[in-house]
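One structure below.
FYI, it's all coordinate maths here, none of it is from the lab. Quick caveat, the model's predicted, so the values are computed rather than measured. We place every Cβ from the backbone using ideal geometry, glycine too, and count neighbours over all the protein chains shown.
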Ligand SMILES: Cc1cc2nc3c(=O)[nH]c(=O)nc-3n(C[C@H](O)[C@H](O)[C@H](O)COP(=O)(O)OP(=O)(O)OC[C@H]3O[C@@H](n4cnc5c(N)ncnc54)[C@H](O)[C@@H]3O)c2cc1C
């Protein structure tokens, strides 16, 4: 049994000042009104260009973001590797939405693949399909609405970008994760990702699809993928997450009058997630697995499955992953026990990463529950260090 409450291991990379800063930050963002105020602030900043770097960089940015560029993130990746934790650099610039923004983001994704090549500190690369195309177009394609000539040209360009990223990953022997997004885009994303997996995953998994297990239709989809992998002789790259857009999805389904795609309860989502893990470990002949979660139980379930099926803890086909700045108690303790662990490390200039930071803050309010966990662990470690220091002095 791994002890996820071992704060000494969890925070071994953090000095006392880091811990105090993290405590202050989580104590601040736990208040929903702070996050609401943050939303207004981000809106004003995006409209007026008000400089915010001086305030955010030493606080929330430092906690959740690796740096502005890949190069600036290098020391962090080296530092994590000292603790057996690999990095996944995630270009998290959001907003924009012009052709120029799309091209720039695509170039950055390409650079991140080059950066990962032969780099033992980096476990995977990642991209968000919606960063490569206009939302409205992807929505239409997903709903199988007929595109006009101009739209079809744009959609073909998007397909080419998607394909180029997968091809580049394949050529450089780098695994690439395709993030999952809103329900209204997902059918088109899934379809294209399946096509890429059939093409590039013949010898091993290079392209990874993402299943949001808060969707009640994902287990049958998982089984369908397995059958397809057998029929077409490839390995499915399977990234599991619970899903980040629950409230939005429920609201949209209600407004547009279609059935809610999300599981009715948290417990149903949890069961779905853990069943998914069991399914892929039972069918590891055709899967590689990436489990992206901060849920303690799911991490425990996967570690037990590894044991149950007599697999090596560091079997290269199985990775645990968390977001940078969150749940170090899981990442560091798993890595300490020799499991494969990776951290998603967002990077981008402060202004471009604001929506990402807001999402992290929202996830860390007292309502979401994550903050209580983080705060308790940080407080425990601060206390433990004080006691240790006192005992040392006595001796
Ligand atoms: C490495 C990594 C990569 C990620 N990549 C993606 C991605 O590509 N796409 C994406 O959408 N998200 C992604 N996420 C975010 C993820 O989907 C979750 O939002 C987040 O991790 C919280 O879920 P959890 O499993 O960590 O933990 P928990 O705190 O145990 O679960 C919270 C989640 O449970 C679900 N949930 C909560 N309440 C209910 C309810 N009443 N009914 C049904 N379900 C409920 C929601 O999905 C909620 O986010 C990623 C997370 C990580 C760690």
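Observations on the model:
- On the basis of the beta-carbon distance and an R0 of 35 Å, residue 62 and residue 304 show a calculated FRET efficiency of 0.50.
- The Rg/Rh ratio of the range 201-290, with both radii computed over alpha carbons and Rh defined as the Kirkwood radius, is 1.04.
- Peptides 329-341, 377-389 ordered by average Cβ neighbours within 10 Å, highest first: 329-341, 377-389
- Gain in span if fully extended, residue 104 to residue 338, counting 0.36 nm per residue against the direct Cα distance: 80.5 nm
- Antiparallel content of DSSP bridges confined to the chain, in %, to 5: 5
- The calculated FRET efficiency for the pair residue 145 and residue 228, based on their C-beta separation and a Förster distance of 22 Å, comes to about 0.30.
- Residue 34/residue 383 FRET efficiency (R0 25 Å; Cβ-Cβ; nearest 0.05): 0.50
- Using the Stokes-Einstein relation with a Kirkwood hydrodynamic radius computed over Cα pairs, the translational diffusion coefficient of the range 105-202 at 25 °C and a viscosity of 0.890 mPa s comes to 176 µm²/s.
- Cα pair distances of the range 1-110 binned at 10 Å [whole percent]: 10, 31, 36, 20, 3, 0
- Solution diffusion estimate, µm²/s, Stokes-Einstein, the range 321-395, Kirkwood Rh from C-alpha pairs, 4 °C, viscosity 1.567 mPa s: 88
- A straight chain from residue 275 to residue 83 at 0.36 nm per residue would run longer than the Cα-Cα distance by 66.1 nm.
- Applying 0.36 nm per residue to the separation of residue 111 and residue 295 and subtracting their alpha-carbon distance, the gain on full extension is 63.1 nm.
- Calculated over the chain, the projected area of the Cα convex hull averaged across directions stands at 20.8 nm².
- Hydrodynamic radius by Kirkwood, which averages 1/r over all alpha carbon pairs of the range 128-327, in angstrom: 17.7
- Mean ellipticity per residue at 222 nm, deg cm²/dmol - from DSSP H runs of n ≥ 4 across the chain, formula -39500 (n - 2.57): -17500 deg cm²/dmol
- Here each label is just a point 7 Å from Cα along the line to Cβ, and for residue 187 and residue 253 those points are 1.6 nm apart.
- Cα-based equivalent ellipsoid of the range 303-343: semi-axis lengths in Å, sorted from largest, via gyration tensor: 19, 9, 8
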